[in-house]
Amino acid sequence: MGKLGVCVRYDCNNYGSMLQILATQKVIEKFGWEYEIIRYDKMTLGFMVKNLSRLVNPYFMRGKLMEFTKKRKLKAYPEVERKNAIRLRLFQDYREKYIGPYSPVFKGYSNLVKGAENYDAIMVGSDQLWTPAGIKSKFYNLLFVPSHIRKISFATSFGVSQVPANQVAETTRYLNRIEYLSVREVNGAKIVSDLTNRKAMVALDPTLMFSGKDWEEIFPRAEYTDKPYIFAYFLGTNPNHRKVVEKIKKETGLKLITCPFMDEFVECDLSFGDEQRFDVGPIDFLNLIRNAEYVCTDSFHGSVFSILNHKKFITFNRFDEGEKQSRNSRIESLFSLLGLESRRYSINKTDLIDMLERPIDYMAVDESLDKLRKESYAFLAEALKND
């Protein structure tokens, strides 16, 4: 077998992303390829000068503003800031133990292009790596890869329902260079078809390539409390979603466990939940879902692991419908494929306990997942065939 370079966000402090990278690695290992995660340091003076246009890219600037605002607000709460630092250390510990091997650090774009010659194929992993915010880096879209090297996208997501008009030409160009093209969402396949007239395979997110039992072999189950609880995991800022969960807590009498301030600093999260857990790494996150009585989340991977572990759960919309930067499509696509549309919260659903307790036909869900896994593995078998 050859050597595979993998482009993923290995430095992201996000539970789903970290578990997804591990799953990507384990999927690759099934095909016997040697691989390493490509490390790219793009922040040279030349890159910054050439890409000043990013300062008027609303997708890029929104992310930077969220990051800056969170850091600034945490400064006002030293105890929370200290606990958040503990969580960041747990992410780093996880990366050091489970993620890799890594490539040397390629400093600057020209060195990245030269480094690509070390590989027989280069794959961009799953997750939202084709968002409009990152198009200028030429990394996750594999524009740095020479034409003679095999290029693969594995369940990659655009993260949005529509490519901005000013990025259509560049997006079309990089999509047409990728020989083996798969996306994570049905809407992503439509974007590819509309721009290139090519058919992209809709592949499973790597975390879904393994069953709940498979994940227990990877990371054995562990319990952190002997009392039944609701696990609420929100990345969005909607205070009404917190109020809904508080109502469920009151009606059930269950303890409420939260993991606050992951993406943004949300003021109401200072008092949301009976236990606000910061001592949670990616494996702990998985176990908090496994052992919960109910899961309430607006997270894609929070939903994924609820499904894999056959939980009673509700998924909220993280973004308002119609919002230009909405990333709801990945949940819409997954739930449509698995027949789980009824697990999505809407303001019209008032009897939430009944909704949570309503049985889910997990036998049918697992059958659908098994079929989709076979299709995804078939795609990878072709993409990673030994020439």
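Numerical summary
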quantity	calculated
Boolean, ILE289 is part of a helix (DSSP H, G or I), out of contact with any Phe, Trp or Tyr (no Cβ under 6 Å at 6 or more places or on another chain), open to solvent by less than 10 Å² (accessible area, probe 1.4 Å) and at pLDDT 95 or above	no
In segment 1-44, residue surrounded by the fewest Cβ atoms within 10 Å (Cβ to Cβ) [restricted to those that are under 27 Å from LYS136 (Cα atoms) and among the β-branched types (Val, Ile, Thr)]	THR44
Residues that are open to solvent by 10 Å² or more (accessible area, probe 1.4 Å) and farther than 19 Å from SER110 by Cβ, drawn from segment 135-159	ILE135, ARG150
Given (1) open to solvent by 40 Å² or more (accessible area, probe 1.4 Å); (2) within 25 Å of the chain's Cα centre (by Cα), index of the condition GLY281 fails	(1)
Criterion violated by ARG72 - all others in (1) at pLDDT below 85; (2) open to solvent by 70 Å² or more (accessible area, probe 1.4 Å); (3) of a type outside the set (Ser, Thr, Tyr) satisfied	(1)
Residue check for LYS114: surrounded by fewer than 18 Cβ atoms within 10 Å (Cβ to Cβ) and in a helix (DSSP H, G or I)	yes
Qualifying residues in segment 174-210 (those that are among the β-branched types (Val, Ile, Thr) and touching a Gly at 6+ places or on another chain (Cβ under 9 Å)) - the one most open to solvent (accessible area, probe 1.4 Å)	VAL202
Strands (runs of 3 or more DSSP E) wholly inside segment 118-185 containing at least 1 residues that are of a type in the set (Ser, Thr, Tyr) and in contact with a helix residue (DSSP H, G or I) (Cβ under 8 Å, 6 or more places away or on another chain)	150-156, 180-183
Condition met for ILE38 (modelled with pLDDT of 80 or more, among the β-branched types (Val, Ile, Thr) and assigned to a strand (DSSP E or B))	yes
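The values are calculated or read from the model by the stated rules, or taken from the named source; none is laboratory data. Owing to the predicted nature of the structure, the values given are computational and were not obtained by experimental measurement. Don't worry about glycine lacking a Cβ; one is built from the backbone with ideal geometry, like all the others, and counts go over all protein chains shown. SASA here: full protein model, heavy atoms, side chains in, ligands and nucleic acids out. Shrake-Rupley method; radii C 1.70, N 1.55, O 1.52, S 1.80 Å.
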